[in-house]
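Bear in mind that the values in this text are calculations on the coordinates, not laboratory data. Just so you know, these numbers come straight off a predicted model, no measurement behind them. Here Cβ is always computed from backbone atoms with ideal geometry, including for glycine, and neighbour counts include all displayed protein chains.
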Ligand code: MN9
């Protein structure tokens, strides 16, 4: 498998960051987790994004995680590093590091918190793309303020900007990016709830939080769509949605994903504050909810089987 951006396709986990109970990065467990993910037919890894609690880490921690993961991946999968930060300078430092580490590409949310003007956001992407010669995947997500389709079209014309990770729910917009930026502009669905629909509309890949836990289900959805089995894909997508609903209703989504993986024997640790981990009672309820759902809807989730085997 080649490790360039052209091969960054398919089902791609937005990798969880592994912290121990004291919020310290755990490199040994990170490596074990990456090996676990690589046991599935995933298309790459997306590091230090929203799911990876990037904004709860300093730059040195983010860089160290990239080094550890790149070493564990050993060139077997393309890796894209999210370098988004509130300052262009910080993002460029992270991007330079990603380049040295051998990443296939970088990605970034627009600068956030302050109400930056469209021109300032445009300059942010242009400055990173000019400073570091790596393919850039623009990241459009409501949490950071959605960029308009027009704006993505403008950004797509910057040298090195090669694609967009679109975490919106407007299906028609997903179909507009290739029209605006060319057929080889890479489009990724970022909203796990929309997986099947995004794949049906021809995205190059789906990148998201839940592919840490249920990559097998999304690989089945991918297959169903590619085999023109729209009805089958819809049924599977609905099951995936029910898993997502439990995770979101838990009130601490990344903590829930980590809990399920821990219960399955995959050591992904805990979340950093201000996100919260769960009490023992809550943990039991959330694990039971996943197992009940898997059984009731006969999903056959790999993670459910692993949890049962572990109990
Ligand atoms: O774009 C993810 N968004 C965040 C990536 O992490 C904020 C998604 O994968 C969502 O977590 C997922 C659940 O709503 O669609």
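Things worth noting here:
- Distance between the pseudo-spin-label points of residue 35 and residue 280 (7 Å out from Cα toward the beta carbon): 3.0 nm.
- Inter-label distance, residue 71 to residue 184: 3.5 nm, where each label sits 7 Å from its Cα along the C-beta direction.
- Peptides 41-51, 229-239 ordered by packing proxy, namely the average of other Cβ atoms within 10 Å per residue, highest first: 41-51, 229-239.
- Mean separation of Cα pairs under 8 Å and 6 or more residues apart, divided by the residue count, gives the stretch 1-154 a relative contact order of 21 percent.
- Normalised by the number of residues in the chain, the mean separation of alpha-carbon contacts (under 8 Å, six or more apart) gives a relative contact order of 18 percent.
- Rounded, prolate or oblate (a/c below 1.5 giving rounded, otherwise prolate when a/b exceeds b/c) for the stretch 176-254 by Cα gyration tensor: oblate
- FRET efficiency estimate (nearest 0.05) - Cβ-Cβ, residue 117 to residue 143, R0 25 angstrom: 0.85
- The ranking of 258, 157 from fewest to most other beta carbons within 10 Å of each one's beta carbon is 157, 258.
- Ranked by how many other beta carbons lie within 10 Å on average, peptides 17-27, 190-200 from highest: 190-200, 17-27
- Percent antiparallel among DSSP beta bridges (both partners in the chain, rounded to 5): 5 percent
- Whole-Å distance, taken between Cα centres, linking the stretch 21-37 and the stretch 192-250: 26 Å
- Estimated purely from DSSP H runs of n ≥ 4, each contributing -39500 (n - 2.57), the mean residue ellipticity at 222 nm for the chain is -15000 deg cm²/dmol once divided by its residues.
- Alpha carbon convex hull of the stretch 5-228, projected area averaged over orientations, nm²: 11.3 nm²
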